[in-house]
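Working notes for the structure below.
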Amino acid sequence: MSIKYHVRLSDEERAMLARLIKQEKPKVAQHKKRKANILLAIDENHDPLQHDQVAKAFHVTPLTITRLRQRFVEEGLDIAVSGKLSRHSRPRILDGEAEAHLIALTCSPPPEGTSRWTLNLLKDRMIELNYVESISRSTVHEGLKKTSLSLGKKRNGAYLLKKAPAL
């Protein structure tokens, strides 16, 4: 099998990987240690092992080793060991402060002309009061679902006061 991507670690990179491997379990994820061990094993500057030997030793497939080689060559050591941040992650809309505003709003009396809060009313009021820039009604629903609040209860505030510790 011909190797397209060649792993040649410098002495500093080898030392960094060795330190990473020696760190205690709670501090470093096991998959990072495994990748560090694989990179050390396939380093061409220090008597590399064959893909099959490395795959058997670390319980991975040869394709995993090939992909790790490629990631190391194309993106560098840090990305090869730690991986990339997800492109799909985004900051939470309802952080702690906005969630507290949502709960307070839910406990307040509903707007005139309505008998209770609805998800759409809460969503619109949150935007109107500049607690959030934009929010969907499903996000409002998920925020309320975390608490013991119900839009159908008339005494949400009284219920929370009973559960709150005395100051």
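List of remarks:
- Only a single item in (1) without any contact (Cβ under 8 Å) to a residue 40 or more places away in the chain; (2) more than 30 Å from HIS141 (Cβ to Cβ); (3) within 25 Å of the chain's Cα centre (by Cα) is not met by ALA41, and it is number (3).
- ARG69 vs. criteria in contact (Cβ under 8 Å) with a residue 60 or more places away in the chain, surrounded by 17 or more Cβ atoms within 10 Å (Cβ to Cβ) and among the basic types (Lys, Arg): yes
- Test: ASP47 is over 26 Å from the mean Cα position of the chain (by Cα) and exposed (fewer than 12 other Cβ atoms within 10 Å of the Cβ): yes
- With respect to being part of a loop (DSSP other than H, G, I, E, B), outside the structural domain of GLY143 (by TED's automatic domain parsing) and over 30 Å from SER136 (Cα atoms), ASP52 falls outside the description.
- Subset of the range 80-122 [over 30 Å from ASN37 (Cβ atoms) and among the small types (Gly, Ala, Ser)]: GLY96, ALA98, ALA100, ALA104, SER108, GLY113, SER115
- Unique match (being in contact with a Leu (Cβ under 9 Å, 6 or more places away or on another chain) and under 30 Å from ALA41 (Cα atoms)) among ARG125, ARG69: ARG69
- Sole exception among (1) part of a helix (DSSP H, G or I); (2) in contact with a Phe, Trp or Tyr (Cβ under 7 Å, 6 or more places away or on another chain) for PRO110, by number: (1)
The values are calculated or read from the model by the stated rules, or taken from the named source; none is laboratory data. The structure presented is a predicted model; accordingly, all values stated were derived computationally and were not measured. FYI the Cβ positions are ideal-geometry reconstructions off the backbone, even for glycines, and counts take in every protein chain you see.
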